[in-house]
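Enquirer: Below is one structure. I have some questions about it.
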Amino acid sequence: MRRALLAVGLAILGTVGATTQTQNLDKVEVHVLHVQGNVYMLVGAGGNITVQIGDDGVLLVDTSYEPMSSKVVAAIRTLSNKPIRYIINTHVHEDHIGGNAPIAKLGATIAGGNMGVGANTGAAIIAHENVLNRMSAPTGQQASSPSAAWPTDTYFTKKKELFFNGEAIEIIHQPSAHTDGDSIVFFRRSDVVSAGDLFLTTTFPVIDLQRGGNIHGIVEALNRILDITIPKDKQEGGTYVVPGHGRLCDEADVLEYRDMVTIVRDRIQDMVTRGMTLEQVKAARPTLDYDGQYGGKTGPWTTEMFIDAVYKNLSTKAKSQ
Ligand SMILES: [Zn+2]
């Protein structure tokens, strides 16, 4: 039996290529979780997928790895037989866009067979224009994505609005954060935010320096999510937040993460201001009290890589001022 072995992780090729984990995707299952309202969360390998369903069809936020596509579609079909009309990409990494081409294509087949509306066009793929720029003109040695996977509908403003399945959906650009093309997706009626890799429960924030990531943008993104979310009175719940990787969260979880990221950033900023070298900063262990929860010595995004990236962001900024 042939098995699809490929690099699994945060797919920041070139930055973390040497440390990416391999995982056999044949064995990975896709689990479906109802978040609330019209919105569901699919969890498997790669990034989490958010699904919105209704009379108009199916909308996805992100598509995971390409070899996961048939399982992703099978999971969607347990929720809805309507055509897949929209795919929104939160950013450019392979673990979030890998299934774009096969899933978008399937959208066309279903639309043609059942609907007769927009047939032969496939599902529209929406993303910030920097996602298209990086997929269509990648730098370095990374192979370009096939054109069938490219966004068909890009935006370059602060926000793009969509009305689908009786629900207002806001697609909000967050400049220079995890990458330079991040979007937050807010389902207003269902009261669910899909955060992409701007918010993770599994590691310290991933900052893709090669693709325009910046620690300040991560903090701003987390604050933006907190502006949107409203907790249930003295209870868990209220607005739910689907992270790029990890478990379903609410405002309290984002608040805790935002505080952690802000504290660590400010510690490293202080060390940079005092003229400490990267080695001295690492030796001072600015993440120590959070290492148990978010740290790691192995895997695609280690504590050391996080400190490295933050240091580079902050020391570059200090020099330019
Ligand atoms: Zn990512």
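Only the coordinates and a few stated rules stand behind these numbers; no lab work does. This one's a predicted model, so the numbers in the text were calculated from it and none came from an experiment. Every residue, glycine as well, gets a Cβ built from its backbone with ideal geometry; the counts of neighbours run over all protein chains shown.
Enquirer: Using only the alpha carbons of the range 165-321, what is the convex hull's orientation-averaged projected area in square nanometres?
Expert: One quarter of the hull surface, i.e. the mean projection, equals 10.1 nm².
Enquirer: What FRET efficiency comes out for Thr273 versus Arg77 if R0 is 45 angstrom and r is the Cβ-Cβ distance? Round to the nearest 0.05.
Expert: Given R0 = 45 Å and the Cβ-Cβ separation, E is 0.25.
Enquirer: Testing the spin-label approximation: label points 7 Å from Cα along Cα→Cβ at Asp259 and Thr152. State their distance in nm.
Expert: So the label points at Asp259 and Thr152 sit 4.5 nm apart.
Enquirer: To the nearest Å, what is the center-to-center distance of the range 286-319 and the range 204-237, using C-alpha atoms only?
Expert: 17 Å
Enquirer: Additional query: Under 1.5 on a/c is rounded, so check that first for the range 143-202, then, if it is not, pick prolate when a/b is larger than b/c and oblate when it is not; a ≥ b ≥ c are the square roots of the alpha carbon gyration tensor eigenvalues.
Expert: oblate
Enquirer: A further question follows. Expected output is a single nm value to one decimal: the length gained when fully extending between Leu288 and Glu304, i.e. 0.36 nm times separation in residues minus the C-alpha distance. What is it?
Expert: 4.6 nm
Enquirer: Hey, another quick one. Quick check: pseudo-label points 7 Å beyond the Cα along Cα→Cβ at Lys27 and Thr121, how many nm apart are they?
Expert: Reported label-point gap for Lys27 and Thr121 is 4.3 nm.
Enquirer: Using square roots of five times the C-alpha gyration tensor eigenvalues, list the equivalent-ellipsoid semi-axes of the range 178-259 in whole Å, biggest first.
Expert: 22, 12, 11
Enquirer: Percentage of Cα-Cα pair distances in the range 36-112 greater than 21 Å, rounded to whole percent?
Expert: Of the Cα pairs, 15 percent sit more than 21 Å apart.
Enquirer: Extension gain Gln36-Ser136, at 0.36 nm per residue separation less the Cα-Cα distance, in nm?
Expert: This chain segment gains 32.5 nm when fully extended.
Enquirer: Quick one: length gained pulling Ala252 to Gln280 fully straight, 0.36 nm per residue minus the C-alpha distance?
Expert: Here the answer is 6.8 nm.
Enquirer: Residues of the range 27-50 with backbone nitrogen within less than 19 Å of a virtual label 7 Å along the Cα-to-Cβ line of Glu170, please, listed as ranges.
Expert: 36-39
Enquirer: How many angstrom lie between the C-alpha centres of the range 149-167 and the range 21-80?
Expert: 19 Å
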